[in-house]
1. How about the range B:16-42: which of its residues are within 13 Å of another protein chain (Cβ to nearest Cβ) and either within 33 Å of the chain's Cα centre (by Cα) or closer than 13 Å to B:ARG263 by Cβ (or both)?
2. What are the residues in the range A:461-483 that are more than 11 Å from every other protein chain (Cβ to nearest Cβ) and either of a type in the set (S, T, N, Q) or under 22 Å from A:PRO420 (Cβ atoms) (or both), if any?
3. I need the full set of residues from the range B:19-41 which are in contact with a Phe, Trp or Tyr (Cβ under 6 Å, 6 or more places away or on another chain) and in a strand (DSSP E or B), in order please.
4. Based on what the data block shows, is A:ALA434 modelled with pLDDT under 95 and under 23 Å from A:GLU332 (Cα atoms)?
5. If you check every pair at least six apart or on different chains, which have Cβ atoms under 7 Å apart with a residue in the range A:375-387 that is under 20 Å from A:SER232 (Cβ atoms) first and a residue that is of a type in the set (Asp, Glu) and within 13 Å of ligand 1 (Cβ to nearest atom) second?
6. Looking at the range A:92-109, can you tell me whether even one residue there is surrounded by fewer than 19 Cβ atoms within 10 Å (Cβ to Cβ), away from chain B (no Cβ under 14 Å) and closer than 26 Å to A:ALA310 by Cα?
7. Being of a type in the set (D, E, K, R), away from ligand 2 (no atom under 16 Å from the Cβ) and touching a Gly at 6+ places or on another chain (Cβ under 7 Å) is the filter here, so list the residues in the range B:297-356 that pass it.
8. Return yes or no: is A:THR505 surrounded by 14 or more Cβ atoms within 10 Å (Cβ to Cβ), over 28 Å from the mean Cα position of the chain (by Cα) and of a type in the set (Ser, Thr, Tyr)?
Amino acid sequence: MKNKGEIYRISGPVVIISGLNTKMYDVVKVGKEGLMGEVIGIEGDKSTVQVYEETSGLKPGEPVENTGMSLSVELGPGLLESIYDGIQRPLPVLKDTMGDFIKRGVSANGLSREKEWDFVPTVNKGDKVKGGDIIGTVQETVNIQQRILVPPNISGTVDEIKSGKFKVDEVICTLGDGTELMMMQKWPVRKPRPVSKKLMPVTPLITGQRILDGLFPVAKGGTAAIPGPFGSGKTVTQQQLAKWSDTEIVVYIGCGERGNEMADVLYEFPEIKDPKTGRPLMERTVLIANTSNMPVAAREASVYTGITIAEYYRDMGYDVSLMADSTSRWAEAMREISSRLEEMPGEEGYPAYLAARLSEFYERAGKVKALCGKEGSITVIGAVSPPGGDFSEPVTQNTLRIVKVFWALDAKLAQRRHFPAINWLNSYSLYSKALGPWYDENVSPEWVKLRNDAMELLQKEAELQEIVQLVGSDALPEDQQLTLEIARMIREYFLQQNAYHEVDTFCPMDKQYKLLKAITAWGDRANNALESGALIEDIMKSKSKDDLAKVKFEKDFDSALSVITKTMEDEFAKLGGK
Amino acid sequence: MTKEYKTIREIAGPLIFVEKTEPVGYNELVNINLPDGTTKRGQVLDTSHDIVVVQIFEGTGGLNKECGVRFTGETIKLPVSKDLLGRILSGSGEPLDGGPRIVPEDRLEITGAAINPYARLPPKDFIQTGISTIDGMNTLVRGQKLPIFSGSGLPHNEIALQIARQSKVRGSDEQFAVVFAAMGITNEEAQYFMRDFERTGALERAVVFLNLADDPAVERLITPRLALTAAEYLAYEHDMHVLVILTDITNYCEALRQMGAAREEVPGRRGYPGYMYTDLASLYERAGVVKGRKGSVTQFSILSMPGDDITHPIPDLSGYITEGQIVISRELHRKGIYPPVNVLPSLSRLMNSGIGATRTREDHKAVSDQLYAAYAEGKDLRGLVAIVGKDALSDRDKKFLEFADMFEDRFVRQGSDENRDIETTLSIGWELLAELPEAQLTRIDNKYIQKYHPAHKGKQE
Ligand SMILES: Nc1ncnc2c1ncn2[C@@H]1O[C@H](COP(=O)(O)OP(=O)(O)OP(=O)(O)O)[C@@H](O)[C@H]1O
Ligand SMILES: [Mg+2]
């Protein structure tokens, strides 16, 4: 067999080629236009290839060439602020070369070969370096310094190290054995980049979203899934996380979703300022957009492209968050390819290896000690789009077996515009305990108790609601009516958070704490007053209660809250109770 | 002239299998010459050195192994020109109105290439449809894809026509061009649309593609693609704002399922192909606005939910792709309310970018949120009342219960020729909200209550 073969059969994105010597995952150039494809099966002298571009018009007999390389991404300065398709072709470059619509047969480098970067070395001649070590830095955006790493599988003694302006493919360092290093390195996307050691996640990812930070936190380096029917808030939540979480780098993958949503991100992110640094969010973001109408094989690859870029920044010692919207579309791409291969289908037609692929992917999250010795992390948050909103389907179920945080979106809540429509009874976080000490130290020693009490109250409410459904709320004893009212306050005043409200879109930890504390304080006073003989009707008329409803929208939250606290004290002083 | 093969090996459902061919391109257009002199058209679905699989658009009726097969060497194209406006074409693009063939300015691939997400402009121009439940609570914007989820026997056609008639972007005189594609609807339904187009003069700025219930099902797979190609052409080459109405998406999906079964594919949920999401996306995603181009493509398609079940794969997969949905309710229809839009499961995801101080009014979002919350609560209480009786409700709850009725009667209900502007819609909203205790209006900022609430409004100056 040889390096050139020919097309034998074409069926959608799957092409069978004959007479070509291939290895699994080799990248091949298919047909006269050299469409990019990847070998995903080999049988006899035939290889099966998934093609990353439209295959219309391809004919049997057209030539196929093997590049001998695995599907790889280019890693180096210039990743930030980029928007790529699923196989790391920059969309602006594609627009320049082929216009507003995506045509095919155009290859484009992931990193610009023209742009020069200011390289500042951090090693000297004679230094010993090994895989993952930092040899210099480049100021990639105003706040983010890219640390240039020795590729993982290389080591040696620095023979020459340069300084100054270079393009990504120019040599900046030569090792004793003649190995030349550039700022750019390539890495095969399907292979995790090595780390020195995995660590336990102990710090929460602060998202500024009350229901997440408050009730179901995810740790930096953790994994979370957000399943929900259409229109329940997966994308809005993911975008909120991309905007407001206290992470250093964001990789956002639009995997088989809407074009307009990606356009939105592209228009918004350069305008919105990172609350911590004051710089445009785009400067810390890498976008991957392989929308639902773009080739499905490239959709399959997009998730790997994204996580490999995330690993690269983790290896420099950064905290990275990766959002994949939606992992179900990725799974469907696998299913589509698999069925074209006529593989034995597993559950609901998904390939039997679905569970394995999902867990390999989430396994690439984590807090680690990188090869360079610094600590870095990747937090992975995957949206799941279950058919009919039914969580018993294979993608949701297999995901839930892996991830540690489950944010269950609920169509009923979304329909009544309770946002975020995350169901507080079904959701969970397995990190809550491990993160306790962090909250004690950084928020307040009271926080964990406040939160647990709130959760308990919401559970209690659910039980009482069942009774209300049978007898109506007026038939409940007064203390239980009050419990329902306090629970309602927690739901509406604390949990509800409007992503589009200029103030409420982001809620710092300190504000979350004060708000929950104020609601709880009202509840405690109300309970006391009731016990001391105050009338429930009078308690319910409390003005401070109504004021608490809107305090989260106030620009000057602290002073608004202290006015309310004062009102509350006066009111309850009149009502009685301690 | 391309070579003619008489090597059909097998005919199965809408498919033919042809052998001993020269290399044939994937997705190529195929002409089949029947013994009686007529020609049918098809498309290559699978091609290899051994065998080529072709789907026949007009169905395989009348075909036999003696038919001649010609591979045209090109994919399916639509001849386009501005003269498409005012024309009525068949589901495969042939003139039905007795008019001349289109003299093409261009011939465009009907599959259409994906818009580069980087070339998109986020849609934000508010379209006033004159229907309160849409403008007030599920706002449509130019470049959006917002289908109607309906059911058999519900007045979705009437609503679609009302929207086509009334839609406009405020402050501009530009009218929408309408591209209408019927897929498997009855002749009577098609006539209903045509009459309205004629009555209102809309036909002059419309392109109509008709694949009716008795036309071949396979043809439905190309009808919407022809329509969208025409729409994109008018939008992007002639700067027009185009409203595309595809009806009924469900018939399209049935055709897709039928094709999948004929190819003996492993079926996905409820027998629909596993790639139905991707296939539907290749239609719906052809809506939008492109940077630097003046026109736009807005989709307002009709989909009837089998068994009124929104979790059925057709509405479900559609909802996962479109930018919201307008859900028609049988319950409201039974109550005699037109247009029977159930706002609770309805949604416009692009609403937030189309409304607000500079586009509609500053209080729009808050009013909408509050109407949603209050109506949802009132509807829940109806359920409760059915069990415990009205007397068991607190005074507060009774107010919400009454609110739900008033909301349906005054906000939802309107005439099929009643064209409400957004101010009217919002002031009806405020009048209804004013019936609730003011402290219950937790979704609305105080400053808007002071400014717009009927109890405060007059006193402001
Ligand atoms: N936190 C929020 N605040 C305000 N509105 C929200 C919030 N979350 C969701 N929404 C509303 O819900 C709508 C749907 O949300 P979103 O687009 O995120 O749904 P989705 O789950 O991603 O749906 P799909 O699966 O179809 O992509 C949004 O357009 C917005 O109107
Ligand atoms: Mg989404």
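1. Within the range B:16-42, B:GLY25, B:TYR26, B:ASN27, B:GLU28, B:LEU29 meet the criteria.
2. A:GLU461, A:ALA462, A:GLN480, A:THR483
3. Matches in the range B:19-41: B:GLU28, B:VAL30, B:ARG41.
4. On the way: modelled with pLDDT under 95: yes; under 23 Å from A:GLU332 (Cα atoms): no.
For A:ALA434, the condition - modelled with pLDDT under 95 and under 23 Å from A:GLU332 (Cα atoms) - is not met.
5. A:ALA383/A:ASP325; A:PRO387/B:ASP316
6. Yes; the residues of the range A:92-109 include at least one that is surrounded by fewer than 19 Cβ atoms within 10 Å (Cβ to Cβ), away from chain B (no Cβ under 14 Å) and closer than 26 Å to A:ALA310 by Cα.
7. Taking the range B:297-356 first, the residues of a type in the set (D, E, K, R) are B:308-309, B:316, B:323, B:330-331, B:334-335, B:349.
Those still in the list that are away from ligand 2 (no atom under 16 Å from the Cβ) too: B:308-309, B:330-331, B:334-335.
B:ASP308, B:ARG330, listed by residue number.
8. Working: surrounded by 14 or more Cβ atoms within 10 Å (Cβ to Cβ): yes; over 28 Å from the mean Cα position of the chain (by Cα): no; of a type in the set (Ser, Thr, Tyr): yes.
No: the conditions fail for A:THR505.
The values are calculated or read from the model by the stated rules, or taken from the named source; none is laboratory data. As the structure is a computational prediction, the values presented were derived from the model and not from experiment. Here the Cβ is made from the backbone with ideal geometry for all residues, glycine too, and neighbour counts use every protein chain on show.
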